[in-house]
Structure formats: structure tokens, C-alpha cells
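Please read the structure below before turning to the comments.
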Amino acid sequence: MEQGKQIRLTSMEIAQLWGQYMHDSGSVCVLSYFLEKAEDLEIKPVIEYSLELAKKHIEKLTSIFNEEKYAIPHGFKIEEDVDLTAPRLYSDNYVLNFINQMSMIGLTTYSGSLSGSSRADITDFYMECISETIQLFNKTKNLLLSKGLYIRSPYMPNLERVDFVIKQSFVWDIIGDKRPLLVTEIANIFANIQRNSLGAATLAGFCQVAQDKQVKQFFVRGIEIAKKHIKLFGKKFEESYLPVPTTWATEITNSTVYTFSDKLMMFFTTTLIGLSIGYYGTGIAQSPRVDIGLMYNRLMVEIQLYSEDGSNIMINNRWLEQPPIASDREELAKANLKS
């Protein structure tokens with residue numbers, strides 16, 4: 001509190017809260033549909049819990065925006081962006097894996113939101129979000145394990161002694177024989193295979209139910225990009241004699257009936273693209289091997305171009321809701337001169 005008044009939200013806090021409202025409003029639509037179609041009696045409670053969290057967050061975020069006299073984002077709404085009566089598009093196993101992956105992403109983003117928050121109530125909110133998401137992650141992970149669906153990263157032999165790097169080829173072996181992958185490199189490549197695998201399956205379903213031809217073509221292109229990236233990551237694993245994780249392609253039905261709005265599907269796709277760029281950047285930072293860094297850089301350029309095309313589609317269709325923006329002082333000055 002400052003002289004009896006609540007401290008204003010910072011730009012970072014506004015950015016995080018606004019972005020979370022958009023994502024949670026979209027999640028309410030998607031999870032409501034998943035819950036409507038769920039048949040597995042073990043998976044259904046997990047979907048319900050995830051949906052309850054998203055709705056709870058929307059209520060809290062709405063309250064914060066109202067208190068701050070801040071415009072509430074339009075976001076996404078069940079009556080506009082999903083048909084709950086549409087046939088099943090994804091299996092319950094896919095949904096369980098989807099929620100598990102989203103919980104892992106949530107833990108990363110909420111941690112960033114927490115570290116960027118200065119106001120006590122916002123800090124408390126994100127601490128609660130992290131605690132809830134940890135529970136969601138554990139629920140989904142444990143259920144995936146019990147059903148034999150959890151895909152573990154490769155096992156490593158026990159470390160018997162400590163070694164030090166003595167050759168520059170540890171980093172610079174661009175051509176010829178290369179050293180085996182480090183555990184950090186394995187972890188990042190494994191996670192990126194997993195995310196691309198889920199992305200390809202998600203886009204396959206989106207492609208089947210998309211209404212706009214350009215949107216459908218955009219999803220087809222995304223599937224091809226994801227498959228290409230999985231292949232390149234898998235090749236790195238094969239070079240080190242590591243197993244390549246399986247995909248989720250068989251978990252999509254043949255439904256072609258309208259299910260989600262093109263606007264909602266484009267939003268989720270462009271959001272996942274942005275996250276991929278960040279994860280690839282982490283892969284570069286944590287990999288001393290130059291050839292892997294070069295691979296990530298090349299793939300990042302490809303998905304950045306793909307992301308730009310997605311943004312253009314959303315802009316042309318008036319689907320892209322503008323985030324809060326700094327005041328244009330020059331325009332304000334010009335308007336003042338005209339008045």
C-alpha cells in the first residue's frame with residue numbers, strides 16, 4: 001500500500017495477467033469440450049480439476065482487472081469458440097498427455113510470472129497457481145505412469161568417475177565423429193521431441209475440423225514442420241544410440257465436424273510456436289556442441305517465419321486481440337495540435 005492506495009500494476013504484471021487471461025479463457029473452452037467427451041473414469045476427474053483451475057483463474061483475473069479499472073480481454077467464450085456437441089476428436093489418452101504437457105509449461109510460465117511480480121497480492125496469486133499446477137502435474141504424471149502411457153527420457157549408465165574436458169572437439173566437432181550427447185542435451189532434445197509430437201497430433205485434429213482453407217493449409221504446414229523437427233532430433237538420438245520416443249498420431253479420431261473456432265485453434269497454435277522458440281533457445285544455451293546449436297538456430301528461423309504467417313492470418317481475420325501497449329506520445333501530441 002502507498003499512502004492508503006494500492007500500488008499500481010507494473011507493465012510486467014499486466015503482461016503476465018493479460019496473457020494468462022487469454023490462455024485460461026481458451027483453456028476453459030478446450031477443457032469443457034474434453035470433459036464433455038471423456039469416457040475414462042480415471043481421466044475424467046483430472047480434466048475436471050484442470051477445468052476448475054482455469055475457471056478459478058478467470059474469476060481472480062477478472063476481479064483484479066475490475067479493481068484496477070482495467071479493460072477485461074475479450075478472450076474466448078464457450079458460446080463462440082467451441083461446439084460441445086461435436087463428435088469426439090481426440091482420445092482420452094491424448095487429453096491426459098495434453099494436460100500433463102500443459103502443466104509442465106504452466107510451471108515454467110508461472111515461475112516467470114512470480115519472479116516478475118512485485119505487488120504482494122500478485123505474488124501470492126502466482127504462488128497459488130504454482131502450487132495448484134504442481135498438484136495437476138502430479139495427478140497427470142501418476143495416472144500416465146499407472147496406465148503405462150508415460151514416456152520416460154533415456155536412462156544413462158552410472159557415473160563411475162569425474163572427468164574434465166581436455167579437447168576442443170568437445171565443442172567444435174562440426175564434421176566427422178562427434179562426442180556422445182550430454183545429459184543436458186539429451187533432456188532438451190527429448191522434451192522437444194515430446195512437444196513436437198504433441199503439437200503434430202494437435203494440429204492433425206485442428207486440420208480436420210478447420211473451416212477456413214487458409215487456416216487448414218497453415219495447420220498442414222505446421223504438421224510437416226513438426227514431423228521434420230522430430231526427425232532431426234531423432235537423428236541426434238540415433239547417433240548416440242538412444243531410443244526415439246513414440247508419437248501420439250494414433251490418438252485422433254476421423255471426425256471432420258466443426259469443433260473449435262478457427263480463431264481459437266490459431267491462437268493455441270501461434271502460442272505453442274512462441275513457446276517452441278523459447279525452448280529451442282534454451283537448447284542452444286545448454287548445449288556446448290556447435291552442430292546442435294546450429295540445428296536449433298536453423299529450426300528457430302523456420303518456426304519464426306511460420307509464426308509470422310500465423311499472425312498475418314489472425315490479423316487479416318481480425319482474430320488477434322492486441323495486448324496492452326505503451327502510449328504513442330507522438331500521436332497524442334499530433335492529436336493535441338489538431339484539436
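The values are calculated or read from the model by the stated rules, or taken from the named source; none is laboratory data. Every value quoted in this text rests on a predicted model; they were computed, and no experiment measured them. Note that we place each Cβ from the backbone using ideal geometry, even for glycine, and neighbour counts take in every protein chain shown. Note: accessible area is taken over every heavy atom of the protein model, side chains too, but ligands, DNA and RNA are not part of it. Shrake-Rupley method; radii C 1.70, N 1.55, O 1.52, S 1.80 Å.
At-a-glance table
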{"quantity": "Among (1) open to solvent by less than 20 Å² (accessible area, probe 1.4 Å); (2) at pLDDT 95 or above; (3) more than 17 Å from the chain's Cα centre (by Cα), the one test that GLN208 misses", "calculated": "(1)"}
{"quantity": "Selection status of ALA191, open to solvent by 20 Å² or more (accessible area, probe 1.4 Å), modelled with pLDDT of 90 or more and outside any loop (DSSP other than H, G, I, E, B)", "calculated": "yes"}
{"quantity": "Residue within segment 323-338 that is open to solvent by 70 Å² or more (accessible area, probe 1.4 Å), polar (S, T, N, Q) and at pLDDT 90 or above present", "calculated": "no"}
{"quantity": "Selection from segment 90-99 of residues that are part of a helix (DSSP H, G or I) and farther than 14 Å from SER27 by Cβ", "calculated": "ASP92, ASN93, TYR94, LEU96, ASN97"}
{"quantity": "Test for PHE164: is it open to solvent by 40 Å² or more (accessible area, probe 1.4 Å), out of contact with any Lys or Arg (no Cβ under 7 Å at 6 or more places or on another chain) and at pLDDT below 75", "calculated": "yes"}
{"quantity": "Qualifying residue in segment 230-243 (condition: closer than 23 Å to ILE105 by Cα, more than 16 Å from the chain's Cα centre (by Cα), of a type in the set (Asp, Glu) and surrounded by fewer than 19 Cβ atoms within 10 Å (Cβ to Cβ))", "calculated": "no"}
{"quantity": "Qualifying positions in segment 73-112 - open to solvent by less than 10 Å² (accessible area, probe 1.4 Å) and of a type in the set (A, V, I, L, M, F, W, C)", "calculated": "ALA86, LEU89, VAL95, LEU96, ILE99"}
{"quantity": "Residues of segment 61-76 satisfying the condition of being over 24 Å from the mean Cα position of the chain (by Cα) and either farther than 17 Å from ARG119 by Cβ or in a loop (DSSP other than H, G, I, E, B) (or both)", "calculated": "GLU68, LYS69, TYR70, ALA71"}
{"quantity": "Segment 244-266, subset part of a loop (DSSP other than H, G, I, E, B) and of a type in the set (Phe, Trp, Tyr), residue farthest from the chain's Cα centre (by Cα)", "calculated": "TYR258"}
{"quantity": "Near pairs, Cβ below 9 angstrom, 6+ apart or cross-chain, from segment 219-247 (at positive phi) to any residue that is of a type outside the set (Gly, Ala, Ser) and open to solvent by 30 Å² or more (accessible area, probe 1.4 Å)", "calculated": "TYR241/PRO180"}
{"quantity": "Among the residues listed as TYR33, TYR70, the single one being hydroxyl-bearing (Ser, Thr, Tyr), open to solvent by less than 70 Å² (accessible area, probe 1.4 Å) and out of contact with any His (no Cβ under 9 Å at 6 or more places or on another chain)", "calculated": "TYR33"}
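Each row is one residue, and each column tells you yes or no for (1) farther than 29 Å from ALA210 by Cα; (2) surrounded by fewer than 18 Cβ atoms within 10 Å (Cβ to Cβ); (3) in contact (Cβ under 8 Å) with a residue 40 or more places away in the chain.
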{"site": "MET266", "(1), (2), (3)": "no, no, yes"}
{"site": "THR270", "(1), (2), (3)": "no, no, yes"}
{"site": "SER276", "(1), (2), (3)": "no, no, yes"}
{"site": "TYR280", "(1), (2), (3)": "no, no, yes"}
{"site": "GLN286", "(1), (2), (3)": "yes, yes, yes"}
{"site": "ARG289", "(1), (2), (3)": "yes, no, yes"}
{"site": "VAL301", "(1), (2), (3)": "no, yes, no"}
{"site": "LEU305", "(1), (2), (3)": "no, yes, no"}
{"site": "GLU308", "(1), (2), (3)": "no, yes, no"}
